[in-house]
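J.: I have a structure I would like to understand better, so I am pasting it below and will then ask my questions one at a time.
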Amino acid sequence: MDIAITLVVQGIAFFLVVWLVMHFGWPAFMQALEARQRKIAEGLAAANKGQKDLDEAKIKAQEIVREAREKAAQIVEQANKRANEIVEEAKLAATAEGRRLVAHAQEEIAMEASRAREALRRQVADLAVRGASRLLEREIDPKTHAELLGKLELEIANG
Amino acid sequence: MTGTAGDTSGGMTEYIQHHLTYLTVQLRPGAFWTLHLDTVFFSLLFSVGFLGLFIRAAHRATPGVPGKFQCAVEMLIEFVDQIVKETFGGKSRLVAPLAISVFVLVFLMNFMDLLPVDALPTVARDLGVGHLRTVATADINTTLGMALCVFLLIQWVGISEKGLVTFFREWFTAPFHAHGTVAQILLAPANLLLRIIEEAVRPLSLSLRLFGNMYAGELIFVLIAVLTLDASLSHLSTYLFGPIQLVADFIWTLFHILIITLQAFIFGMLSVVYLSMAAERH
């Protein structure tokens with residue numbers, strides 16, 4: 001074994017390698033690795049936070065939807081109620097109007113009927129008078145026979 | 001695989017010895033000033049390559065979505081970081097970079113063992129370089145150099161974590177703890193002796209383990225290559241040894257993939273363990 005100057009050279013060379021790695025290689029790598037670790041940790045934390053926010057937002061959204069549904073149901077109910085009321089009111093109004101119209105019509109009918117009856121009676125009286133006069137072949141003087149005519153007329157009217 | 005040693009007469013001894021000879025350059029007269037050029041070349045090649053890629057990747061590292069290369073480097077880094085965090089209690093800027101440098105460099109230098117033993121030496125010979133040993137960790141200079149470097153760092157971590165006074169006091173007060181001044185003084189030599197042995201054994205065991213494994217692995221590859229040295233189609237032995245060599249080489253390569261990784265891991269892991277022990281108070 002020939003231990004010689006080579007040993008010194010190799011030792012110094014090795015020391016230099018270690019020194020250079022220690023100062024210019026290793027720290028840079030460690031920095032990069034640590035920075036990446038931090039980044040990943042931050043990313044994971046952010047993801048967690050995002051997930052939490054999302055969950056919260058979902059719950060909130062559900063609540064809002066539920067509220068909206070309730071409100072909508074209320075509104076529909078109110079609308080239905082109002083509609084029923086309107087229909088009820090309309091029905092009442094229509095019934096009243098109908099009754100009024102019917103009453104009016106009946107009144108008119110009665111009036112018309114009494115008018116017709118009056119006219120008819122007059123015509124019948126006239127015809128009776130005319131017939132009687134023709135039977136008697138002379139003119140009946142309304143003035144002289146007024147009492148008789150009136151009695152007759154009354155009879156017709158009653159009969 | 002054919003023998004390429006044939007500078008001179010050929011033969012097994014010649015071939016093996018050729019493979020175990022370093023490319024040297026004499027810096028000054030004297031045995032000490034012989035520099036193993038091939039060892040230094042390959043270890044510097046991998047050091048520079050590793051440093052270049054690693055530092056470039058570090059400066060391009062983004063906290064965002066990483067690219068494929070960054071991902072690969074990060075996997076390695078997290079692997080090392082995990083081990084260091086589990087083993088090393090304290091907080092030190094040095095330990096993890098040291099561990100990853102050891103692991104990557106030792107693995108890369110070991111990996112040269114998996115190349116065919118004659119591949120690079122043949123290329124070198126064609127380029128006019130007579131000898132070339134490609135496995136830098138099969139050179140005791142490399143492993144001992146790294147181990148001594150780790151040894152110095154252990155001392156430095158011990159001093160910086162505990163302070164100079166505690167550090168030196170522990171030389172005399174641990175591992176045998178005594179109550180009372182007399183007992184402490186009596187036990188001090190034993191403690192000091194054990195401490196010296198302990199500290200000396202660490203770089204030795206670190207370096208010799210790696211060196212032994214890689215040297216033996218390399219040697220076995222060379223021996224497997226020797227099976228068909230100077231083979232020719234007219235010899236019957238070629239047809240006998242050829243298949244044996246193929247199978248043996250395959251099996252040893254498979255096994256060696258495990259060894260080079262394991263040795264790199266052990267060297268790095270033990271460095272971390274030693275450093276963590278140095279940081280602990282007794």
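What follows draws every value from the coordinates through simple rules; no lab data is involved. Quick caveat: nothing in here was measured; it's all calculated off a predicted structure. Reconstructed Cβ throughout: ideal geometry from the backbone, glycine too, with neighbour counts over all protein chains shown.
J.: Out of all the residues in region B:127-149, which are more than 12 Å from chain A (Cβ to nearest Cβ), in contact (Cβ under 8 Å) with a residue 40 or more places away in the chain and of a type in the set (A, V, I, L, M)?
T.: B:Val129, B:Leu132, B:Val135
J.: From the list B:Ala225, B:Ala248, B:Ala200, which residue is farther than 29 Å from A:Leu7 by Cβ and aliphatic (A, V, I, L, M)?
T.: Every option except B:Ala248 fails the conditions.
J.: For region B:206-249, give me the residue count where each residue is in contact (Cβ under 8 Å) with a residue 12 or more places away in the chain and outside any loop (DSSP other than H, G, I, E, B).
T.: 25
J.: Also, I was wondering about something else. Which of the helices (runs of 4 or more DSSP H) contained wholly in region B:1-113 include at least 3 residues that are within 12 Å of chain A (Cβ to nearest Cβ)?
T.: B:37-60, B:68-87, B:95-111
J.: Regarding region A:45-59, can at least one residue be identified that is within 14 Å of another protein chain (Cβ to nearest Cβ), free of Cβ contacts under 8 Å to residues at least 24 places away in the same chain and surrounded by 10 or more Cβ atoms within 10 Å (Cβ to Cβ)?
T.: No.
J.: Looking at B:Gly89, B:Gly158, B:Gly67, B:Gly130 in this structure, which one is within 20 Å of B:Leu204 (Cβ to Cβ) and either buried (at least 21 other Cβ atoms within 10 Å of the Cβ) or of a type in the set (Gly, Ala, Ser) (or both)?
T.: B:Gly158
J.: Restricting attention to region B:161-186, which residues are surrounded by 14 or more Cβ atoms within 10 Å (Cβ to Cβ) and either over 30 Å from A:Met22 (Cα atoms) or of a type in the set (S, T, N, Q) (or both)?
T.: Within region B:161-186, B:Thr166, B:Phe172, B:Thr173, B:Ala174, B:Phe176, B:Ala178, B:Gln184 meet the criteria.
Let's see how each residue does on (1) farther than 24 Å from B:Tyr215 by Cα; (2) more than 23 Å from the chain's Cα centre (by Cα):
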{"site": "B:Arg28", "(1), (2)": "yes, yes"}
{"site": "B:Thr34", "(1), (2)": "no, no"}
{"site": "B:Leu37", "(1), (2)": "no, no"}
{"site": "B:Leu53", "(1), (2)": "yes, no"}
{"site": "B:Ala61", "(1), (2)": "yes, yes"}
{"site": "B:Met75", "(1), (2)": "yes, no"}
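J.: So, in region B:150-175, how many residues would count as being free of Cβ contacts under 8 Å to residues at least 24 places away in the same chain and either β-branched (Val, Ile, Thr) or more than 14 Å from chain A (Cβ to nearest Cβ) (or both)?
T.: Of the residues in that region, 8 qualify.
J.: Any idea how many residues of region B:145-178 are farther than 14 Å from B:Asn191 by Cα and part of a loop (DSSP other than H, G, I, E, B)?
T.: Selection size over region B:145-178: 1.
J.: Check A:Ala13, A:Ala35 and return the single one that is within 7 Å of chain B (Cβ to nearest Cβ), assigned to a helix (DSSP H, G or I) and surrounded by 15 or more Cβ atoms within 10 Å (Cβ to Cβ).
T.: A:Ala13
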